[in-house]
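So the structure is just underneath, and the comments pick up after that.
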Amino acid sequence: MAGEEFDAGFHATPDLSTDLYGGGNPGQGRWLYGAQLDWSELEQSGHRAMRDDVRRMLAIRKRERAVLAADLDTETGPRLVGVAYESDVPVPVPYLRWMGSTGILVAGNTDAVRDACLKVHIPVERLKSNIFPDEQFRVTDLWNEAGAKFYTALQLQNLALRVRSDRTERGGLCVLKIEPTHP
């Protein structure tokens, strides 16, 4: 309704005033429900990139619903934990969601100018008990649709990540699927 999926600008309906409808200053109101979308904004690369990012988020959520679905298990609590990290720029706390031995790490960068270099300490013990330091995990970059890489449990406890600056193509997020090679 308001164009959040493509970062639409606010465009008041012609008769929306600062007093809602029928007051002074027609076309100058800021009431959300009095907005109209300018679909031609999708012809601009920034708006189109935002829409593509939202589509990518929804596709990841649908494809990985077993891990990312809302967790209503009141006995064990949510399978969601903030991940310890260091970063060269301020970033939101990365988090890990898991189901069974599969986890998804989400790290963000809200800085629109600088990439964020993070070192995350992934709690692999949430994914598998009795882990050996040299045990292998498959890590798939879901956000950039890159192929799988393999890391040891020890490497995942000190994993270096670069999260591109926000408001750039495929920027602002890092979404990694992590699973042991031998569950």
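The values are calculated or read from the model by the stated rules, or taken from the named source; none is laboratory data. A quick note: this is a predicted structure, and the numbers were derived from the prediction, not measured. Every residue, glycine as well, gets a Cβ built from its backbone with ideal geometry; the counts of neighbours run over all protein chains shown. Accessible surface areas use protein heavy atoms only, side chains included; no ligands, DNA or RNA. Shrake-Rupley method; radii C 1.70, N 1.55, O 1.52, S 1.80 Å.
Filter segment 135-147 down to the residues that are open to solvent by less than 70 Å² (accessible area, probe 1.4 Å) and modelled with pLDDT of 95 or more, then identify the one that is farthest from D53 (Cα to Cα).
Within segment 135-147, the match that is farthest from D53 (Cα to Cα) is F137.
Please find, among A70, A160, the residue that is over 28 Å from S45 (Cα atoms), part of a strand (DSSP E or B) and of a type in the set (A, V, I, L, M). So that I can check it myself, show each step before the final result.
Details: A70 fails: part of a strand (DSSP E or B).
A160 is the lone residue from the list that is over 28 Å from S45 (Cα atoms), part of a strand (DSSP E or B) and of a type in the set (A, V, I, L, M).
If the Cβ limit is 6 Å and pairs must be 6+ apart or interchain, which residue in segment 106-119 that is touching a residue at least 40 places away in the same chain (Cβ under 8 Å) and aromatic (F, W, Y) pairs with which residue that is open to solvent by 70 Å² or more (accessible area, probe 1.4 Å) and assigned to a strand (DSSP E or B)?
Between residues of segment 106-119 that are touching a residue at least 40 places away in the same chain (Cβ under 8 Å) and aromatic (F, W, Y) and residues that are open to solvent by 70 Å² or more (accessible area, probe 1.4 Å) and assigned to a strand (DSSP E or B), there is no close pair.
Report, ordered by the first and then the second residue, all pairs with beta carbons closer than 6 Å, sequence separation of six or more or different chains, a first member in segment 26-48 that is surrounded by 13 or more Cβ atoms within 10 Å (Cβ to Cβ), and a second member that is modelled with pLDDT of 75 or more and of a type in the set (D, E, K, R).
L42/R48; H47/D7; H47/E41
Considering only segment 98-111, I want to know if a residue exists there that is more than 18 Å from V139 (Cα to Cα), assigned to a strand (DSSP E or B), modelled with pLDDT of 90 or more and more than 16 Å from the chain's Cα centre (by Cα).
Restricting attention to segment 98-111, the residues satisfying the condition of being more than 18 Å from V139 (Cα to Cα) are 109-111.
Narrowing further to those that are assigned to a strand (DSSP E or B): none.
No.
Take segment 138-170 and flag every residue that is of a type outside the set (K, R) and more than 18 Å from Y85 (Cβ to Cβ).
T140, L142, N144, E145, A146, G147, A148, F150, T152, T168, E169
Given the criterion at pLDDT below 90, among the charged types (D, E, K, R) and not in a loop (DSSP other than H, G, I, E, B), identify the matching residue among R55, R61, R51, R30. I'd like the intermediate steps shown before the answer.
Numbers: R55 fails: at pLDDT below 90; R61 fails: at pLDDT below 90; R30 fails: not in a loop (DSSP other than H, G, I, E, B).
Selected residue: R51, the only one of R55, R61, R51, R30 that is at pLDDT below 90, among the charged types (D, E, K, R) and not in a loop (DSSP other than H, G, I, E, B).
Of a type in the set (A, V, I, L, M), exposed (fewer than 11 other Cβ atoms within 10 Å of the Cβ) and touching a strand residue (DSSP E or B) at 6+ places or on another chain (Cβ under 8 Å): which single residue out of A70, A107, A66 fits that description? Give the derivation first.
On the way: A70 fails: touching a strand residue (DSSP E or B) at 6+ places or on another chain (Cβ under 8 Å); A107 fails: exposed (fewer than 11 other Cβ atoms within 10 Å of the Cβ).
Of A70, A107, A66, the one residue that is of a type in the set (A, V, I, L, M), exposed (fewer than 11 other Cβ atoms within 10 Å of the Cβ) and touching a strand residue (DSSP E or B) at 6+ places or on another chain (Cβ under 8 Å) is A66.
So V120 clears everything in (1) in contact with a Pro (Cβ under 9 Å, 6 or more places away or on another chain); (2) open to solvent by less than 10 Å² (accessible area, probe 1.4 Å); (3) of a type outside the set (D, E, K, R); (4) part of a loop (DSSP other than H, G, I, E, B) except one condition, right? Which one?
Exception for V120: condition (4).
Can you pull out every residue in segment 123-134 that is modelled with pLDDT of 90 or more and open to solvent by 30 Å² or more (accessible area, probe 1.4 Å)?
If the condition is that a residue be modelled with pLDDT of 90 or more and open to solvent by 30 Å² or more (accessible area, probe 1.4 Å), then E125, R126 are the ones that fit.
Scan (1) open to solvent by 90 Å² or more (accessible area, probe 1.4 Å); (2) under 21 Å from G100 (Cα atoms); (3) touching a Ser or Thr at 6+ places or on another chain (Cβ under 9 Å) for the single condition V113 breaks and write down its number.
Failing condition for V113: (2).
Sort through L96, L80 and tell me the only one that's among the hydrophobic types (A, V, I, L, M, F, W, C), surrounded by fewer than 17 Cβ atoms within 10 Å (Cβ to Cβ) and over 16 Å from R162 (Cβ atoms). Steps first, please.
On the way: L96 fails: surrounded by fewer than 17 Cβ atoms within 10 Å (Cβ to Cβ).
None of the others qualify; the one that does is L80.
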